[in-house]
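To start, the structure itself, in structure tokens.
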Amino acid sequence: MATSSGSRCGIANQACCIRLPFCIQSGTLTIKQFGTKTQNMYTYKGKLWFIFKMVYKIDHPFITDSLSHLRDKETDVAKFRRHSDRLCELLFAEAIRGLDFNEIEITTPLEVKIKTKKLKDEVIIIPILRAGLAMLFGAMKLLPKSKIGFLGLERDEKTAVAREYYCKLPRITANSVVVITDPMLATGGSILQTLRKLKGFKPKDIRVVCVIAAPEGIALIQKEFPNVDIFTAAVDECLNNKKYILPGIGDYGDRYFGTTDQPC
């Protein structure tokens, strides 16, 4: 498959916070370029291709710089954490765009009364354990008043299917904007399970924030939840036969927390 210039995956990268449309069929990306208007599907070389429009690849110089450090296998734990926290804080700054505000009146130090706005929506952050915790520190720095929920999902390395082993959530209401964090959106199974669980609470909105996403995982999520926004620093090429993202970062949790796969 040919690729377009400047993109090894053939993805049409657009400006910051613009929807990132791309096509996928059986895990393969096409190099077709899109304008600002897209359709839900189109025919290309006699095959039907689906266009996903709810994926936002965040374009920022600091994100680009930090991502290069995260990908480098020589990056030590301290540097990995520093760049992960910086990158995640920037991702969350974009992921909370569009929230509702209350208009209030305040008095400045010069005794001038002005009308201004403060966030109205309640933001709930739900990291998927364990790796999702690595994104929590950047999020809490940006949103110190946000409520935090925890969902523990463990992936079976043979089947790549996740099982739930822990769940502790704050009260979710119709005014809640829920942000799910998982640095690696690979197969999409863990996030899909989380979305199914949260759907029953009927929050105002659910958003997904990840560092890297694979097209296969995006396809799985958007097949069932086509209106969920996904914010990411990169959409990588594909999954390998072990269901790891390529070129990827490796095991995000191990690299952030400094753990290994040695038996306990």
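Nothing in this text is a laboratory measurement; each read-out follows from the coordinates by a stated rule. What you see is a predicted model, and the numbers here were worked out from it, not measured in a lab. Using ideal geometry, Cβ is built from the backbone for each residue, glycine included, and neighbour counts are taken over all protein chains shown.
Details
- log₁₀ of I(q)/I(0) at q = 0.12, 0.14 Å⁻¹ - the stretch 75-134, Debye sum with one point per alpha carbon: -0.54, -0.65
- For the pair Tyr244 and Arg130, the difference between a 0.36 nm per residue extended length and the Cα-Cα distance amounts to 39.4 nm.
- Partner aspartates and glutamates whose Cα lies under 19 Å from the Cα of Lys115, excluding those fewer than 8 positions away in the same chain, are identified as Asp100, Glu103, Glu105.
- Model label sites at Asp72 and Met140, defined 7 Å from Cα along the beta-carbon direction, differ in position by 2.8 nm.
- Pairwise Cα separations in the stretch 170-251 fall into 10 Å bins from 0 onward with the following percentages, short to long: 19, 51, 24, 7, 0.
- Exposure proxy ranking for Met184, Met135, based on other Cβ atoms within 10 angstrom of each Cβ and starting from the fewest, stands as Met184, Met135.
- Across the stretch 190-264, Cα pairs under 8 Å and at least six residues apart give a relative contact order of 25 percent.
- The stretch 111-264 pair-distance distribution - Cα-Cα, 10 Å bins, rounded %: 10, 40, 33, 12, 4, 2, 0
- Ranked by the mean number of other Cβ atoms within 10 Å of their residues, highest first, the peptides 95-107, 116-128 come out as 116-128, 95-107.
- Computed over the stretch 53-256, relative contact order equals 22 percent, with contacts defined as Cα pairs under 8 Å that lie 6+ residues apart.
- For the residue pairs Lys141/Lys243; Lys120/Lys197; Lys204/Lys242; Lys79/Lys202; Lys158/Lys223; Lys79/Lys204, the alpha carbons lie more than 28 Å apart in Lys141/Lys243; Lys204/Lys242; Lys79/Lys202; Lys79/Lys204.
- Separation of the Gln262 and Asn102 label points, Cα + 7 Å toward Cβ, nm: 5.2 nm
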